[in-house]
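Input: a single structure, listed below in structure tokens.
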Amino acid sequence: MKKEVENWSFQFGAFKITVLSDGAFPVSKEFFFADTPADLIAHIPDKFDAPLNFLLIDTGEKKVMVDAGFGEDYLPTRGRLLLCLQHEGISPEDIDTVIITHAHIDHIGGVSHQGVPVFPKANYVIREEEWAYWMNKPLSMEFGKLKTIKDQLMFVSSDFEIYPGIFLQHAPGHTDGHLTVSIQSEGERLLVSSDILNDPCTLQHLASHIAAEVAPVIGMQTRFSFLEEVSRQNVLLFVCHYPFQV
Ligand SMILES: [Zn+2]
């Protein structure tokens with residue numbers, strides 16, 4: 001895996017979008033590909049490094065992160081988002097909003113460091129179900145992380161446009177309050193699936209899921225309707241754990 005920072009930015013309508021690599025994390029094939037036919041994943045080794053990629057959306061007025069990565073505790077192999085931002089000349093104080101697609105540690109570990117929120121001026125947007133789920137797991141790392149940002153949380157309970165052109169959509173299954181993000185500008189549309197998808201090789205087999213998924217049957221329905229939306233509307237798709245510049 002390359003250690004140097006290599007962001008990839010592109011203009012998307014009126015927005016500038018930057019893909020930030022948080023690094024990669026070691027997983028087993030069994031974990032990453034539950035309920036998956038063996039022949040579909042015969043080329044995947046038993047253990048491998050799963051990519052971690054997250055988006056920064058600059059609307060021109062607001063800087064919005066989609067998730068916060070593992071966090072600096074995990075450097076140097078992951079938790080590199082702040083280095084990526086620094087490379088863009090962006091400091092943590094510049095971030096206005098962090099969308100929490102769901103609260104697994106690879107997506108929220110970076111919200112705080114040693115108990116202190118990393119993005120001091122940001123609001124963190126989370127579904128109410130996601131917060132409720134983790135508040136019932138007081139021994140989890142995720143609970144500890146969410147507690148540190150409780151004063152900066154903004155809860156949503158229905159599909160919601162947080163800024164003009166950035167829509168949050170409830171996509172339950174992977175977790176109760178999992179969100180997908182729809183980014184729309186000047187006639188273009190990009191959908192961020194977050195973790196309802198695991199790897200491109202399983203796109204034809206919707207039962208396949210990451211073993212951390214809490215409700216795989218609901219997850220499968222969510223995958224179906226999400227991918228139907230992707231194909232029907234000819235939109236771009238971004239998936240956090242798909243291979244990209246690692
Ligand atoms: Zn993940």
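Could you list, in sequence order, all residues of the stretch 67-98 that are of a type in the set (Gly, Ala, Ser) and either more than 16 Å from the ligand (Cβ to nearest atom) or farther than 19 Å from residue 7 by Cβ (or both)? Hits for the stretch 67-98 are 89, 91. Among the conditions (1) surrounded by fewer than 18 Cβ atoms within 10 Å (Cβ to Cβ); (2) of a type outside the set (Phe, Trp, Tyr); (3) under 23 Å from residue 25 (Cα atoms); (4) over 15 Å from the mean Cα position of the chain (by Cα), residue 157 misses just one, which is (3).
Among the residues of the stretch 124-139, those that are surrounded by fewer than 16 Cβ atoms within 10 Å (Cβ to Cβ) and outside any helix (DSSP H, G or I) comprise 136, 137, 138, 139.
So for the stretch 142-153 (the condition being more than 30 Å from residue 228 (Cβ to Cβ), of a type in the set (Ser, Thr, Tyr), more than 14 Å from the chain's Cα centre (by Cα) and exposed (fewer than 15 other Cβ atoms within 10 Å of the Cβ)), does at least one residue qualify? No: the stretch 142-153 contains no residue that is more than 30 Å from residue 228 (Cβ to Cβ), of a type in the set (Ser, Thr, Tyr), more than 14 Å from the chain's Cα centre (by Cα) and exposed (fewer than 15 other Cβ atoms within 10 Å of the Cβ). The residue of the stretch 200-211 that is nearest to residue 137 (Cα to Cα), among those that are over 14 Å from the mean Cα position of the chain (by Cα) and within 13 Å of the ligand (Cβ to nearest atom), is 211.
One line per residue, one yes/no per condition, for (1) crowded, with 19+ Cβ neighbours inside 10 Å; (2) away from the ligand (no atom under 16 Å from the Cβ); (3) touching a residue at least 40 places away in the same chain (Cβ under 8 Å):
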{"site": "19", "(1), (2), (3)": "no, no, yes"}
{"site": "42", "(1), (2), (3)": "no, yes, no"}
{"site": "65", "(1), (2), (3)": "yes, no, yes"}
{"site": "100", "(1), (2), (3)": "yes, no, yes"}
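Between 129, 161, the distinction of being in contact with a Leu (Cβ under 9 Å, 6 or more places away or on another chain) and among the charged types (D, E, K, R) belongs to 161 only.
Taking the stretch 176-196 as the search range and keeping residues that are touching a Lys or Arg at 6+ places or on another chain (Cβ under 9 Å) and crowded, with 24+ Cβ neighbours inside 10 Å, which one is nearest to residue 99 (Cα to Cα)?
Keep residues of the stretch 176-196 that are touching a Lys or Arg at 6+ places or on another chain (Cβ under 9 Å), which gives 176-179, 182-183, 193, 196.
Still in the running and crowded, with 24+ Cβ neighbours inside 10 Å: 177-179, 183, 193, 196.
Working: 177: 12, 178: 11, 179: 9, 183: 12, 193: 13, 196: 16 Å.
Once the filter is applied, the top-ranked residue is 179.
Residue-level check: of (1) more than 22 Å from residue 165 (Cα to Cα); (2) among the polar types (S, T, N, Q); (3) touching a residue at least 24 places away in the same chain (Cβ under 8 Å), residue 91 misses just (3).
One residue stands out in the stretch 174-199 among those that are among the polar types (S, T, N, Q) and within 16 Å of the ligand (Cβ to nearest atom): the one that is farthest from residue 16 (Cα to Cα), namely 175. Could you check how many residues of the stretch 1-17 are surrounded by fewer than 14 Cβ atoms within 10 Å (Cβ to Cβ) and among the aromatic types (Phe, Trp, Tyr)? Total meeting the criteria: 2.
Quick note: the coordinates plus some simple rules give every number you see, no bench work behind them. The shown structure was predicted, so the numbers you read here are calculated from the model rather than taken from an experiment. We place every Cβ from the backbone using ideal geometry, glycine too, and count neighbours over all the protein chains shown.
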